[in-house]
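Participant: Before I ask anything, here is the structure I am working with.
The values are calculated or read from the model by the stated rules, or taken from the named source; none is laboratory data. What you see is a predicted model, and the numbers here were worked out from it, not measured in a lab. Positions of Cβ are backbone-derived with ideal geometry, glycine not excepted, and every protein chain shown enters the neighbour counts.
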Amino acid sequence: MTGLPPLPFKARRDAILDRLEHGSILLPAAPVRYKSGDSEYRYRPDSELFYATGWRDPECIAVLRGFADEDRFVLFVPERDEKLELWTGPRMDPGEVKASCGADAVFPMREFGERGRRLLCGGEVIHYRLGASAACDDVVAAALRDGRARRPRRGAGARALVDPGAILDAMRVRKDAAEIARLREAARISVAAFREALPRVRGGVGEWEIEAALESGFRSRGADGPAFATIVAAGANACTLHYTANGSRIAAGDMVLMDAGAEVDCYAADITRTVPASWPLEGARRDACEVVRGAHRAAVAACVPGGTMAAVHEAASRAIAEGLVGLGVVDGPADKVLEERAHRGFFPHQTSHWLGLDTHDAGAYRDADGPVALVPGMVFTVEPGLYFAPGSCPRVPALEGTGIRLEDDVLIADDGAEILTVGLPLELDVLADLCGAVS
């Protein structure tokens, strides 16, 4: 998308190379996925490869070598093939690839077996995720065998295999300015698409029609498409957390949960709102919506520099527990509900996940010292919910068959939390206006 600042791929590679020290990292492209026969899904690059190199096409392998004096960043790419390019589009030749990606050297993929093994042999540690590529698996195994044979006499050679996340995850969890710009744009587009789709939510409409409205809203504003499978879940469907069939018609008495987000230049947004098909919303279901909104408010208040994702979840969980007692769903007090985990039957998931190149982005929530501290540049969701599957709530039967979730995207800034998706309100009365409710 034009108008966005360039992503700092060279600076990232330099940081990766510094962290590698005496090791190397091997990053293969994501494979082409097929829907059926020779019908391909639209290609989406591997997040780690894209993060380090900017490479967007299939059939590539990147090698970064922290220990090397030359050829520190090497790419292997397919050779030109006029017949194949007729179907899939033109490819760059090695010289064009080198100029485009800033590689020190570019070789044809057919040379990867032997050349790749030699490139890896000089380091002590290979950062690679087994199973990511059959060709890479073979080369890594050969490099480790060579390392074992040569180390006793030469004092050097590959001898350990480590997940690339050991280096990349900590880098990816804290976003730079160019990444934040993309996340802002994904959020902006997602908010606009939701505001456009909300008036369509009413009895008799197919879930698929709301899905189509949301995704059309993404694409028409320049997004790559949906960042994940859009969820439009009416009634009891919303009690399935990752419901994506979107195949039912909305009944007039249903609550409708919409969980969707645009992807912009590979960066994701993720929003959820839950509204009734018919207004006004009253009684126990309105009260339950207010409980979830209170949990959302409490969770956002805990999103501060130096805080933790665990504290965000604890704040949401306490508000949910107190709310369940107030609704009459469980017996209190809230401390007892939390101790006995009685709220987990109605709030079974965590409150937050990292957000970035992946919807559930890379990054640890805990390390050896405990929960990871929140620092400026971290972006994540806040998404408390309540789910009352049929038969789960005999004390308040009006709630059964209802799922409620509210989700926003939050950036930790120097002075607190910024809600990137603030343009989409949470308050029921304001949502009613957006939905075009008639009082």
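Participant: Between V275, V300, V312, V292, which is in the same structural domain as P390 (by TED's automatic domain parsing) and either in contact with a Ser or Thr (Cβ under 6 Å, 6 or more places away or on another chain) or acidic (D, E) (or both)?
Facilitator: Only one candidate passes the filter, namely V312.
Participant: Does T88 qualify as being surrounded by fewer than 16 Cβ atoms within 10 Å (Cβ to Cβ) and assigned by TED's automatic domain parsing to the domain that holds A142?
Facilitator: So T88 fits the description; yes.
Participant: Quick one: would you say E82 is surrounded by fewer than 18 Cβ atoms within 10 Å (Cβ to Cβ) and touching a Pro at 6+ places or on another chain (Cβ under 7 Å)?
Facilitator: Here the answer is no, as E82 does not meet what is asked.
Participant: Still on this structure: Before we move on, is R56 of a type in the set (D, E, K, R), touching a Cys at 6+ places or on another chain (Cβ under 9 Å), farther than 26 Å from A156 by Cα and assigned by TED's automatic domain parsing to the domain that holds R118?
Facilitator: yes
Participant: With the condition kept exactly as written, say whether any residue in the stretch 221-240 is closer than 16 Å to G436 by Cα, assigned by TED's automatic domain parsing to the domain that holds L399 and of a type in the set (A, V, I, L, M, F, W, C).
Facilitator: There is no residue in the stretch 221-240 that is closer than 16 Å to G436 by Cα, assigned by TED's automatic domain parsing to the domain that holds L399 and of a type in the set (A, V, I, L, M, F, W, C).
Participant: Restricted to the stretch 415-425, and to residues that are of a type outside the set (G, A, S) and touching a strand residue (DSSP E or B) at 6+ places or on another chain (Cβ under 8 Å), which residue is surrounded by the most Cβ atoms within 10 Å (Cβ to Cβ)?
Facilitator: Checked the stretch 415-425; the qualifying residue surrounded by the most Cβ atoms within 10 Å (Cβ to Cβ) is T421.
Participant: Right, here's the next one. Which one is surrounded by the most Cβ atoms within 10 Å (Cβ to Cβ) among residues in the stretch 211-248 that are in a strand (DSSP E or B) and of a type in the set (V, I, T)?
Facilitator: V232
Participant: Assuming G328 fulfils every condition listed in (1) out of contact with any helix residue (DSSP H, G or I) (no Cβ under 9 Å at 6 or more places or on another chain); (2) more than 29 Å from G416 (Cβ to Cβ); (3) in contact (Cβ under 8 Å) with a residue 60 or more places away in the chain apart from one, which condition is it?
Facilitator: (1)
To keep it simple, each residue is scored yes or no on (1) over 29 Å from L130 (Cα atoms); (2) of a type in the set (G, A, S); (3) buried (at least 22 other Cβ atoms within 10 Å of the Cβ).
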site	(1), (2), (3)
G165	no, yes, no
A170	no, yes, no
I180	yes, no, no
R188	yes, no, no
F194	yes, no, yes
R200	yes, no, no
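Participant: Cβ-Cβ below 7 Å, separation at least six or inter-chain, first residue in the stretch 213-241 and over 23 Å from S278 (Cβ atoms), second at pLDDT 95 or above and of a type in the set (F, W, Y): which pairs?
Facilitator: If the second residue must be at pLDDT 95 or above and of a type in the set (F, W, Y), the pairs left are G225/F218; P226/F218.
Participant: Considering only residues that are over 11 Å from the mean Cα position of the chain (by Cα), closer than 19 Å to A181 by Cα and surrounded by 21 or more Cβ atoms within 10 Å (Cβ to Cβ), which ones fall in the stretch 345-388?
Facilitator: Scanning the stretch 345-388 gives a single hit, M378.
Participant: What's the total number of residues in the stretch 257-280 that are over 21 Å from the mean Cα position of the chain (by Cα), surrounded by 21 or more Cβ atoms within 10 Å (Cβ to Cβ) and over 16 Å from A236 (Cα atoms)?
Facilitator: 0
Participant: Scanning the stretch 58-67 for residues that are in contact with a strand residue (DSSP E or B) (Cβ under 8 Å, 6 or more places away or on another chain) and assigned to a loop (DSSP other than H, G, I, E, B), which turns out farthest from I16 (Cα to Cα)?
Facilitator: E59
Participant: Pick out the one residue from S24, S100, S47, S39 that is of a type in the set (S, T, Y), surrounded by fewer than 14 Cβ atoms within 10 Å (Cβ to Cβ) and either in the same structural domain as A143 (by TED's automatic domain parsing) or farther than 16 Å from Y128 by Cβ (or both).
Facilitator: S39
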